[in-house]
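Worksheet for the structure shown next.
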């Protein structure tokens, strides 16, 4: 019984690690790209529609700054859904391992090409 508890705990730690890595990768990609806006709370409140349109239409990430180092991040619903889907796909250790193995195979050039079949 103790062995099962240890395995569950390790699995939970592994999932937390994977989710953390996804978050880090997301932040790295978006914070190091040109797709980031920043506004203080007053600017954001005054021009809410403009900022929401920018986030939604141009896949921008908006940093909303507040006093004392506080703040928030706004991303589009599509971006959020993509993050949630990725977290779901990686929530199973077995599925995560398959996905990472597939990515490695693709990087090594181990891919199979198929011709598309035209439907008439």
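The values are calculated or read from the model by the stated rules, or taken from the named source; none is laboratory data. Keep in mind the model is a prediction, meaning the values are calculated, not measured. Methodologically, a virtual Cβ is constructed for each residue, glycine included, from the backbone with ideal geometry; neighbour enumeration extends over all protein chains shown.
Annotations for the structure displayed:
- All told, residue 103 falls short of being outside any helix (DSSP H, G or I) and surrounded by 10 or more Cβ atoms within 10 Å (Cβ to Cβ).
Every residue, every condition in (1) modelled with pLDDT of 85 or more; (2) touching a strand residue (DSSP E or B) at 6+ places or on another chain (Cβ under 6 Å); (3) within 30 Å of residue 11 (Cβ to Cβ), yes or no:
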{"site": "40", "(1), (2), (3)": "yes, yes, no"}
{"site": "76", "(1), (2), (3)": "yes, no, no"}
{"site": "95", "(1), (2), (3)": "no, no, yes"}
{"site": "111", "(1), (2), (3)": "no, no, no"}
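- Test: residue in region 47-67 that is closer than 29 Å to residue 11 by Cβ and without any contact (Cβ under 8 Å) to a residue 12 or more places away in the chain: no
- Scanning region 109-116 finds one or more residues that are in contact with a helix residue (DSSP H, G or I) (Cβ under 8 Å, 6 or more places away or on another chain), exposed (fewer than 11 other Cβ atoms within 10 Å of the Cβ) and in a loop (DSSP other than H, G, I, E, B).
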